[in-house]
1. Mind pulling the per residue volume of the convex hull built on the Cα atoms of the stretch 69-273? Å³ is fine.
2. Determine, at each q value in 0.14, 0.19 (inverse angstroms), the log₁₀ of I(q)/I(0) that the Debye formula gives when each Cα of the stretch 137-250 is one equal point scatterer.
3. Using only alpha carbons, build the gyration tensor for the stretch 293-411 and give me the equivalent ellipsoid semi-axes, biggest first, whole Å.
4. So what is the diffusion coefficient of the stretch 175-237 in µm² per second by Stokes-Einstein at 4 °C and 1.567 mPa s, using a Kirkwood Rh over Cα pairs?
5. Find how much the distance from residue 84 to residue 339 grows on full extension, using 0.36 nm per residue of separation minus their present alpha carbon separation; answer in nm with one decimal.
6. Note down the nm distance, to one decimal, between modelled labels 7 Å out along Cα→Cβ at residue 50 and at residue 245.
7. So how tilted is helix 328-338 from the main axis of the chain? Cα-based, degrees 0 to 90, rounded to 10.
8. Counting other beta carbons within 10 Å of each Cβ, put 69, 122 in order, fewest first.
């Protein structure tokens, strides 16, 4: 059902709120885009729902079930044979911080397929204790060598604060390193083969992105530094305003396109070649890398094992809920529904119970990092609530106008 409204919309979101008939995701969910182009007035591309309210996320999962995975594995073996033993000690790069996905990818490449991955880590902004433990177990149990970034922490904190204040996107600075560190290490070491986990098509990006194993080069390179933004601000303005040294800001920007001239660097999604299921990846990481989930469910959801390395994870998911009306439980439930671990009915119940919880466990540490008090935090958060998604009830409390359980203010 289309939810008509006449309210102002932020971020270029669709004015009519629709939910996938099979999943619990809405057409307000943004797809992954280039972080270095993100400005205050950037319009978001969102997950596509067709005229029958079927999302690309659901369609992609159906497509996966018709893939000949034996044939895909043969493609992987051919790719690995092309690179194995060609570049000295290491023959591929796996980025990660010790979560379930990087643990799975690096371990299976080494111990099933005979590769020797070099692991690279853009460390979390504020490691959780169990995140740090998982990181150490990942390297020790797998006997992996690792390069961890040595970024300037003052610059990091400035950029995190800018992204939070200007974009309500506190995780942007961490995501920059996730996207750009591995290609930079590839350029330095001459190891041209890089493996990430799943394609973004798993999470709503256009279906065509799932038809190739390769990440588009324009996602991790730039042409003109004048067109780069961090925290919604031009890089040259940040350098001037905060007196940041050029070498310190370079850690946060992608390599320039011309650096890749005549270098055949390939950034692949391992999930293109192997049937990737989050629960199975988790079980594999537990068995082979001593991966441990949180000892409690994460704020805003019912799960314990996804996005747990960084104290900023909980805030990241909360800000998505504020801006787009869908939170961590919605993302988790939608994934579990399409992988047949939950029914749509069960997913809706979990969303109704947990979605949009305010971060509690690490709020003191987060506020200290952001140099804010809780009142400043709450007032700032409210500025990013799009009127077409949010209204106030008779008690003056913000409530969603529409939700998947049809209990919103305007449902």
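Derivation of every value follows stated rules applied to the coordinates shown; laboratory data play no part. Predicted model only: the values in this text are computed from it and were never measured. Cβ sites come from the backbone with ideal geometry, for glycine too, and all protein chains shown count toward neighbours.
1. Taking the convex hull of the Cα positions in the stretch 69-273, it is 134 Å³ per residue.
2. Results for the stretch 137-250 at q = 0.14, 0.19 Å⁻¹ read -0.77, -1.23.
3. Equivalent ellipsoid of the stretch 293-411: 23, 21, 10 Å, largest first.
4. Details: Rh = 13.8 Å.
Approximately 94 µm²/s, per Stokes-Einstein.
5. 88.5 nm
6. Distance between the two pseudo-spin positions: 5.6 nm.
7. Between helix and principal axis, roughly 70 degrees.
8. Working: 69 12, 122 23.
Sorted ascending by nearby Cβ count, the order is 69, 122.
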